[in-house]
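Take a look at the structure below.
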Amino acid sequence: ARLSSGEKLQLQANLELPAELPLIAQSGAAGIGLLRTEFLFMNAQAMPDVDAQAAIYSEIVTAMAGDVTTIRVVDWGGEKHSEALDRAGLRGEGESVNPALGMRGLRLLLRHPAVLESQFAAILKASSAGPVRVMLPMVTTVPELREARDIYHRVARRLRRKGVRLDDNLPPLGIMVETPAAALMGDALAQEAEFMAIGTNDLTMYTLAVDRASAEVASLYHPLHPAVLRLIQTVTEAALRQYRPISICGEIAGDPRAVPLLVGLGLRSFSMTASAVPRVKRAVRAVSFEDCRRLAHRVMEAPDVAEVTSLVDAFAAGT
């Protein structure tokens with residue numbers, strides 16, 4: 001998609017299940033910006049082996065016909081449960097008072113690296129089918145990223161010793177930015193990660209201390225809250241300073257009202273549900289980069305979410 005002033009945006013789709021591939025093809029999305037791999041483990045009685053995982057990833061990558069597929073390793077923990085992952089040690093913390101603040105995401109995978117190693121091996125094998133990127137969930141510190149990267153390269157060396165042909169340049173290894181800590185450490189993380197993706201759903205939850213699944217506080221969950229927007233701007237600018245690709249996923253990435261604001265904050269790559277791609281395309285074709293920049297400037301001076309929403313809605317209405 002292009003803005004009316006000619007700047008190009010990359011609109012990609014999220015994928016939860018291989019059955020959704022036809023929807024992505026119909027949407028006109030430029031690849032998969034977030035392939036969630038949890039479906040491989042959800043109802044499994046035992047861990048799928050490397051070859052079984054690689055076959056599924058290869059099928060998806062092949063279907064993208066040369067467009068990049070960003071594969072996120074399993075984002076587990078919290079209150080999630082799977083017999084296969086429970087047996088592997090990746091147990092959710094359903095009994096914890098605060099499961100969202102416990103063992104989840106990358107910190108859980110690093111505690112049980114065999115699962116991470118199997119996914120890395122499968123993704124590397126599937127990379128022969130087309131362009132892929134590997135994404136780590138819920139990274140909060142530089143040492144976590146370095147530890148995962150060491151495992152990634154160790155797995156690649158092991159595969160090469162076994163005769164698996166891999167490109168000299170491995171698929172890029174990047175991170176999801178989903179916590180205020182990661183956003184505020186954006187410069188340091190951008191020096192280590194090969195790309196970054198902002199996960200706005202969890203970033204909003206952790207920034208505002210709001211569980212949107214709780215009826216009592218769900219009304220306080222606002223991805224367009226000024227605090228969330230400032231963190232989005234912070235990590236976007238950090239990535240751009242280090243010349244790292246930066247994208248955004250989550251609900252607001254597919255919201256036609258919000259995308260012009262996000263463009264004004266410096267973002268050019270968006271991953272959303274396939275059904276949102278045509279709507280976002282129509283919205284961005286009607287606005288110029290200068291329009292987006294002016295909107296972002298006004299929004300970033302807004303003191304509360306009500307004023308942000310008013311500005312965004314007025315812009316969308318053309319007033």
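No lab work stands behind these numbers, since they all come straight from the coordinates. Fair warning: this is a prediction, and the values are worked out from it, not measured in the lab. Every residue, glycine as well, gets a Cβ built from its backbone with ideal geometry; the counts of neighbours run over all protein chains shown.
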**OP:** Taking each pair of different alpha-carbon atoms in region 117-242 once, compute 1/r for the pair, average those values, and report the inverse of that mean as the Kirkwood hydrodynamic radius in Å to one decimal.
**Re:** 15.9
**OP:** For K162 and V217, compute 0.36 nm times the residue count separating them, minus their Cα-Cα distance, and round to one decimal in nm.
**Re:** 14.5 nm
**OP:** Report, in debye and to the nearest 20, how large the dipole of the chain comes out about its Cα centre when Lys and Arg carry +1 and Asp and Glu carry -1 on their Cβ.
**Re:** 1000
**OP:** Just flag the GluC sites (Glu not before Pro) in region 1-70 sitting in loop per DSSP whose Cβ has no more than 15 other Cβ atoms within 10 Å.
**Re:** E7, E16
**OP:** With a point put 7 Å past each Cα toward its Cβ, work out how far A286 is from D49 in nm, to one decimal.
**Re:** 5.5
Original post:
If the convex hull of the alpha-carbon atoms of the chain is projected onto planes in all directions, what is the mean projected area in square nanometres?
Top reply: 16.1
Original post:
Taking R0 as 22 Å, what's the FRET efficiency between S4 and S275 from their Cβ-Cβ distance, rounded to 0.05?
Top reply: 0.40
Subject >> Rough spin-label spacing in nm, given labels placed 7 Å along Cα→Cβ, for E194 and M300 >> reply: 3.0
Original post:
Between region 231-260 and region 137-187, what's the alpha-carbon centroid distance in Å?
Top reply: 20
Subject >> Förster radius 45 Å - calculated FRET efficiency between A317 and L101 (Cβ-Cβ, nearest 0.05) >> reply: 0.70
